[in-house]
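Comments concern the structure below.
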Amino acid sequence: GATRVAGVVGLPITHSMSPILHNAWLAAAGIDGIYAPFSTQPGRFRAFAESLRGGSVAGLNVTLPFKGEALALADEATFRASAAQAANVLVFREDGSILADNTDGLGMLAALAEQAPGFDPAGGPVVVLGAGGAARGAVAAFVEAGGPEVRIVNRTLARAQEIADGLGARAFPLSDVAAAFDGAVAVVNATSAGLSGSAGLEVPIEATPAGAVVMDMVYKPLKTPFLAQAQAHGRRTVDGLAMLIGQAIPSFEYFFGQTPPKSVDVRRLAIEALGL
Ligand code: NDP
């Protein structure tokens with residue numbers, strides 16, 4: 001058969017972990033495939049994606065700032081992508097059509113399953129901190145999981161309210177975060193406040209039940225101030241790197257038609273590449 005080609009497009013793209021993950025899996029599985037980084041200018045993304053219709057590229061991962069445009073140009077979208085209002089996967093079908101999906105929420109659920117064994121995303125109320133693109137995908141995944149209540153806490157309440165209204169969740173201002181934490185089985189930081197160089201998110205983790213799982217989407221550093229705070233209170237924690245790997249797995253399945261081999265330690269590779 002012909003070499004299968006896929007890639008990732010974004011701006012900037014040089015720091016993307018996706019080529020490292022996918023190419024390690026391709027090599028380990030012995031698949032005749034290539035996964036390449038593509039950089040394109042903001043005004044050129046749509047034309048680039050359109051030019052791949054029905055051609056020899058199997059699919060693309062899409063990263064910032066093109067996730068919204070990727071969804072808009074697709075002929076069909078999964079619930080997850082529509083709900084997130086963003087696509088991180090485009091699949092170029094042989095009939096010339098384009099399918100959009102969003103595997104970020106799946107990655108979050110996979111990270112929780114992997115690092116907090118036994119966690120049930122439908123087992124009680126869950127809290128998403130933040131109301132940006134990443135939060136939207138997380139809320140969509142939790143709503144799809146079917147738990148009793150998804151709570152969105154954000155500094156700017158109006159942004160949380162908009163997502164809550166659209167997806168059937170409940171919005172809280174940051175000043176009411178303790179009320180949102182009450183009875184929660186999971187708290188996921190989807191703000192950018194855990195980034196190194198900032199003070200980190202200061203929230204009353206002790207207001208969560210002792211069995212709650214605390215996750216940060218930020219993965220640099222691997223143990224963010226938010227996760228360190230959660231561990232200090234004895235909470236189980238889940239890191240953002242597991243989510244990054246977790247979104248890549250279903251992407252690989254779309255592009256190369258099989259599950260990535262378990263024999264390669266992509267987490268180790270990513271930790272080395274990121275200098276974590
Ligand atoms: P956005 O810029 O779209 O959203 C940022 C959010 O963070 C907003 O809700 C904003 O609140 C909030 N925020 C920022 N600073 C603070 C602060 N100091 N205090 C309180 N709230 C704050 O970002 P994204 O949604 O695209 O990404 C969020 C994070 O998730 C990023 O760090 C990103 O790297 C990470 N991410 C990780 C992934 C993974 O695979 N691990 C995948 C996707 C994203 P407000 O609305 O009030 O401004």
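Rule-based calculations on the coordinates, nothing more; no lab input. All values reported here derive from a predicted model rather than from experimental measurement. Every residue, glycine as well, gets a Cβ built from its backbone with ideal geometry; the counts of neighbours run over all protein chains shown.
With springs only between Cα atoms under 10 Å apart, run a GNM on the chain and tell me which of 28, 113, 248 wobbles the most.
Maximum fluctuation in the GNM of the chain, among the listed residues, is at 28.
In whole percent, what relative contact order does region 105-238 give with Cα contacts below 8 Å and a gap of six or more residues?
Rounded, it is 23 percent for region 105-238.
What is the fewest-to-most order of 15, 233, 22 by other Cβ atoms lying within 10 Å of their Cβ?
15, 233, 22
Find which of 192, 210, 139 sits farthest along the positive direction of the dipole of region 105-238, computed with +1 on the beta-carbon of Lys and Arg, -1 on that of Asp and Glu, about the Cα centre.
192
Mind checking the full-extension length gain between residue 158 and residue 192? Use 0.36 nm per residue of separation minus the Cα-Cα distance, one decimal, nm.
Residue separation times 0.36 nm, minus the Cα-Cα distance, leaves 10.5 nm.
Taking loop as defined by DSSP and a crowding limit of 16 other beta carbons within 10 Å, which chymotrypsin sites (Phe, Trp or Tyr not before Pro) in region 108-198 fit?
none
For a test of the definition: using alpha carbon positions, the gyration tensor, and the 1.5 limit on a/c, classify region 94-157 as rounded, prolate or oblate.
The shape class here is oblate.
Compute the length gained on full extension between residue 46 and residue 272: take 0.36 nm times their separation in residues and subtract their Cα-Cα distance, giving the result in nm to one decimal.
Result: 78.0 nm gained on full extension.
Give me Rg over Rh for the chain, both radii from the alpha carbons and Rh done the Kirkwood way, two decimal places.
0.97
What's the FRET efficiency of residue 39 with residue 265 using the Cβ-Cβ distance as r and R₀ = 35 Å, to the nearest 0.05?
Using R0 = 35 Å, I get an efficiency of 0.80.
Using only C-alpha positions, report the orientation-averaged shadow area of the convex hull of region 1-158, nm², one decimal.
Directional mean of the projected Cα hull area for region 1-158 stands at 11.1 nm².
Nothing charged except the Cβ atoms of Lys and Arg (+1) and of Asp and Glu (-1): what's the magnitude of the dipole of region 105-238 about its Cα centre? Round to the nearest 20 debye.
Magnitude of the dipole: close to 300 debye.
Is it possible to state the helix-based mean residue ellipticity at 222 nm for the chain, with each DSSP H run of 4+ residues giving -39500 (n - 2.57), the sum divided by total residues, to the nearest 500 deg cm²/dmol? What is it?
Only helices count here, giving -11500 deg cm²/dmol.
So which aspartates and glutamates pass the test for residue 220, namely a Cα distance under 18 Å, with those fewer than 8 places away in the same chain ruled out?
Candidates past the 8-residue exclusion: 104, 202, 239, 272.
Using only Cα atoms, figure out Rg for region 55-147 and give it as a multiple of 2.2 N^0.38 Å.
1.16
Evaluate the relative contact order of the chain (contact order divided by residue number), counting alpha-carbon pairs under 8 angstrom at least 6 apart; express in whole percent.
Rounded, it is 17 percent for the chain.
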